[in-house]
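Following: one structure in structure tokens, then a few remarks.
The values are calculated or read from the model by the stated rules, or taken from the named source; none is laboratory data. Treat the numbers as computed from the prediction; the structure is a model and nothing was measured. No Cβ is skipped: glycine too gets one built from the backbone with ideal geometry, and neighbour counts run over all protein chains shown.
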Amino acid sequence: MQLSWDEREWNHSSRATLQKSDANFKIPVQDFQTDSDMSQEQTALVEVNNLRFSRGSRVIYDDISLKIPKGKVTAIMGPSGIGKTTLLKLIGGQLTPDKGEVLFDGQNIHKLSRNALFEARKRMSMLFQSGALFTDMNVFDNVAFALREHSELPEAIIRRIVLMKLQAVGLRGAAQLMPSELSGGMQRRAALARAIALEPEMVLYDEPFTGQDPISMGVLVKLIKDLSDALSLTSVVVSHDVSEVLSIADYVYVIAEQRIIAHGTPQQLRQSDNPQLRQFIDGEPDGPVPFHFPADAYKEELLGAHD
Amino acid sequence: MHMIDSITALGARAINLVRGMGQAGIMLWGALVQVPRVKKGTPLLIKQIYVVGVQSMIIVVVSGLFIGMVLALQGYTILVDFGTEQSLGPLVALSLLRELGPVVTALLFAGRAGSALTAELGLMKSTEQLSSLEMMAVDPLRQVIAPRFWAGLISMPLLSLMFVAVGVYGGYLVGVSWKGIDDGAFWSILQAAVEWRQDIVNCLIKSVVFAWVVTWISLYRGYHSTPNPEGISRATTQTVVQSSLAVLALDFLLTALMFG
Amino acid sequence: MTKKIELLVGLFLLAGLLAFLALVYKVANVDVSTSSDTYTLRAEFTNIGGLKVRSPVKVGGVVVGRVSAISLDPEKLEPVVTMTMDKQYDKFPETSSVSVLTSGLLGEQYLGLTPGFMDDGISILKDGDRIDDTHSAMVLEDLIGQFLYSSKDK
């Protein structure tokens, strides 16, 4: 057991160095803002095809398609309230679309039996916005939870894995604390340790930077980047924090008004002249996305007679 | 037009009611129809029996003592006028076993444990802990709902028995120690009146039925609550109101079936 | 922490069991030997008054059984009472009689069993047997009627 574990660790570090050595790979330059498929050399781990989803009468997504390449950080950006979290829940199979499909490693997530879906979910994990740590367990047990549920490993080995994951996020010293005793940023880091405990192939990050102070934000940015590289994880980051996302993402999709309005590498997005995109990236208060909620003409409503 | 609106509203309510019952049924089915996991399930169950049962014990025992004492005191003042104060034992024991034991325990349980279950589940939902279990490929029905349900079903009958036992003792304190009824007569008349099948088994049946209903309502209200503070507080209130009404209505039905 | 919870839950279950035993032995005073140690007898009456299921069957004030069913004979149109008797009292001769009696002036009605004489040709009542010698309940209205008639005759 001891030996195999060491071997496993060695694999990790070796993979990490490998990954770092070719970190300066060329992003294939491509025609940005066309509807043509990305001509990606890597295979896509997740494919979303012609997805349509609505809540009641409100349409959240109307015919969106995107690909999430293996081993890369893919960001999905967009203004608040357009249901970016919903997209992650669709990918994770927690919600069912009205139309279209989500393929995870070639399997249609929403056509899987419950058992097959659970098997697929063991290969992915999700970092929730609130952290979603189990409030009745301490940090150690939180991280150990999935290991105890799904692996038949003896407790001594689980303990080591948990401590290593906690070390990776810098919270080994907080193992015995309850989640309520941690700050928001530390909660999210603990949740990150829990998310990578089972060594998933893909991690879905739901708004990882929201409501963090600059230091925690920096820590999280670094962690997501480092973990993706070291474990060659496929990462999907949903966020509206433009600068942080652009600093770590390999590829970015921007969603607004139920559609994907732009996609490309961070560089391509920065240079784009699409007005809607510009407003979002530069954070201008008024533009194609209006400052005012749709209303009757101002003057008429002020001067108009009461009915 | 007004008429049609009212009919529409009635229809909407009916549809919601049926949908709610369907959701509650699916939830319980999913939680209970599982291959039991002894090794992983037992610690979860023990923890929930602690939360649901042990923590409700004090309020149930203290209430039982006082209700038994009050019952004896009121009964005594009436019975003594007819010279039949020795029938105090059966009066206290039978009222407790047949009605007050199961019913009051269920009401206290709904207020103490049921509302706590609803609030806890609502909070777990709003902090995405339930979603998080789903994403970790762990069924929340099995991990969260099932142990709580079984804990309620095990705890409440035990609490009812404690309530009755302590209540009878309270009656004994008032009747014998205070009012001076003969010790031997109190017990022998009581024992002659109380019967195993008719009284004790029926007490247990009632209490298991109430446990089922109260725990089910509490879990359903929490599991399907709107995940925000307002939704959770509304769900908690609904748990107490609906559990209490369900217990009282079912009690009438069961009493009619058992003693009618 | 977990040890403490386990201990408390153990105590809780124990307290529940204790309450159960207290109710069974102290309150209900159950003879654990129940169903197998009984036998049933039947008797027909013309009027059973306020007799109910679960009313006691007494011999000289000692409870020896309970009424387990009351029905109406469909042909004779007379009430039939089934009694469940305690096996330890199984030496009643078939000449015994039962009457519907009232405990006290306002009390509940019960069955009073009066053992009959023993003789050579007389057998002992067994499970399922019928007691022929029965006395129906006194009905207050009938009593008053009889009293009025008899006083008129004088």
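Some points to look at:
- Count of segment A:270-298 residues which are without any contact (Cβ under 8 Å) to a residue 40 or more places away in the chain and in a loop (DSSP other than H, G, I, E, B): 14
- Among the residues of segment B:31-43, the ones that are of a type outside the set (D, E, K, R), part of a helix (DSSP H, G or I) and surrounded by fewer than 16 Cβ atoms within 10 Å (Cβ to Cβ) come to 4 in all.
- Residue in segment A:94-152 that is farthest from the chain's Cα centre (by Cα), counting only those that are modelled with pLDDT of 90 or more and of a type in the set (Phe, Trp, Tyr): A:140
Results for (1) buried (at least 18 other Cβ atoms within 10 Å of the Cβ); (2) touching a residue at least 12 places away in the same chain (Cβ under 8 Å); (3) not aliphatic (A, V, I, L, M), shown as yes or no for each residue.
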| position | (1), (2), (3) |
| --- | --- |
| A:224 | yes, yes, no |
| A:235 | yes, yes, yes |
| A:249 | yes, yes, no |
| A:255 | yes, yes, no |
| A:268 | yes, yes, yes |
| A:300 | no, no, yes |
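- Identity of the residue in segment A:243-269, assigned to a helix (DSSP H, G or I) and in contact with a Phe, Trp or Tyr (Cβ under 7 Å, 6 or more places away or on another chain), that ends up nearest to residue A:83 (Cα to Cα): A:244
- Test: residue C:102 is modelled with pLDDT of 85 or more, of a type in the set (Val, Ile, Thr) and in contact with a strand residue (DSSP E or B) (Cβ under 6 Å, 6 or more places away or on another chain): no
- Any hit, segment C:115-135, residues being under 24 Å from residue B:259 (Cα atoms), modelled with pLDDT of 85 or more and touching a strand residue (DSSP E or B) at 6+ places or on another chain (Cβ under 8 Å): no
- Residues of segment B:128-185 that are more than 14 Å from chain C (Cβ to nearest Cβ) and among the acidic types (Asp, Glu): B:128, B:134, B:139, B:182.
- Residue in segment C:90-99 that is under 12 Å from the mean Cα position of the chain (by Cα) and more than 16 Å from residue C:54 (Cβ to Cβ) present: yes
- Failed criterion for residue C:67 (all others in (1) touching a residue at least 60 places away in the same chain (Cβ under 8 Å); (2) within 14 Å of chain B (Cβ to nearest Cβ); (3) aliphatic (A, V, I, L, M) hold): (1)
- Single match in C:68, C:97 (criterion: within 13 Å of residue C:45 (Cα to Cα) and surrounded by 14 or more Cβ atoms within 10 Å (Cβ to Cβ)): C:97
- Qualifying residue in segment A:38-51 (condition: modelled with pLDDT under 80, under 16 Å from residue A:254 (Cα atoms) and hydrophobic (A, V, I, L, M, F, W, C)): yes
- Hits in segment A:183-203 - residues which are of a type in the set (Val, Ile, Thr) and either exposed (fewer than 15 other Cβ atoms within 10 Å of the Cβ) or closer than 13 Å to residue A:220 by Cβ (or both): A:203
- Close contacts from segment A:99-118, counting a first residue that is within 21 Å of residue A:258 (Cα to Cα) and a second that is in a strand (DSSP E or B) and hydroxyl-bearing (Ser, Thr, Tyr), with Cβ to Cβ under 9 Å and a gap of 6+ residues or different chains, come to A:100/A:61; A:100/A:65.
- Members of segment C:33-64 that are within 21 Å of residue C:138 (Cα to Cα), touching a residue at least 60 places away in the same chain (Cβ under 8 Å), assigned to a strand (DSSP E or B) and of a type in the set (A, V, I, L, M): C:43
- Complete set of residues in segment B:246-260 that are without any contact (Cβ under 8 Å) to a residue 24 or more places away in the chain and either crowded, with 19+ Cβ neighbours inside 10 Å or among the small types (Gly, Ala, Ser) (or both): B:249, B:256, B:260
- The helices (runs of 4 or more DSSP H) falling completely within segment B:68-155 that include 1 or more residues that are among the basic types (Lys, Arg) map to B:115-126.
- When the test is whether a residue is hydroxyl-bearing (Ser, Thr, Tyr) and surrounded by fewer than 19 Cβ atoms within 10 Å (Cβ to Cβ), residue B:115 does not pass it.
- Screening residue A:188 on (1) of a type in the set (D, E, K, R); (2) away from chain B (no Cβ under 11 Å); (3) assigned to a loop (DSSP other than H, G, I, E, B) shows it passes everything except condition (3).
- Test result for residue B:95, free of Cβ contacts under 8 Å to residues at least 60 places away in the same chain and facing another protein chain (nearest Cβ under 9 Å): no
- Residue match in segment C:25-38 (condition: among the aromatic types (Phe, Trp, Tyr) and modelled with pLDDT of 85 or more): no
- In segment B:186-200, residue nearest to residue C:19 (Cα to Cα) [restricted to those that are at the interface with chain C (Cβ under 10 Å from one of its Cβ atoms) and hydrophobic (A, V, I, L, M, F, W, C)]: B:200
- In the set B:243, B:225, B:188, B:177, only one residue is in a helix (DSSP H, G or I) and touching a residue at least 12 places away in the same chain (Cβ under 8 Å); that residue is B:243.
- Residue in segment B:118-162 that is surrounded by the most Cβ atoms within 10 Å (Cβ to Cβ), counting only those that are without any contact (Cβ under 8 Å) to a residue 40 or more places away in the chain and in contact with a His (Cβ under 9 Å, 6 or more places away or on another chain): B:136
- Filtering segment C:116-154 to residues that are touching a Gly at 6+ places or on another chain (Cβ under 9 Å) and within 19 Å of residue C:42 (Cα to Cα) leaves C:122, C:133, C:135, C:136, C:137.
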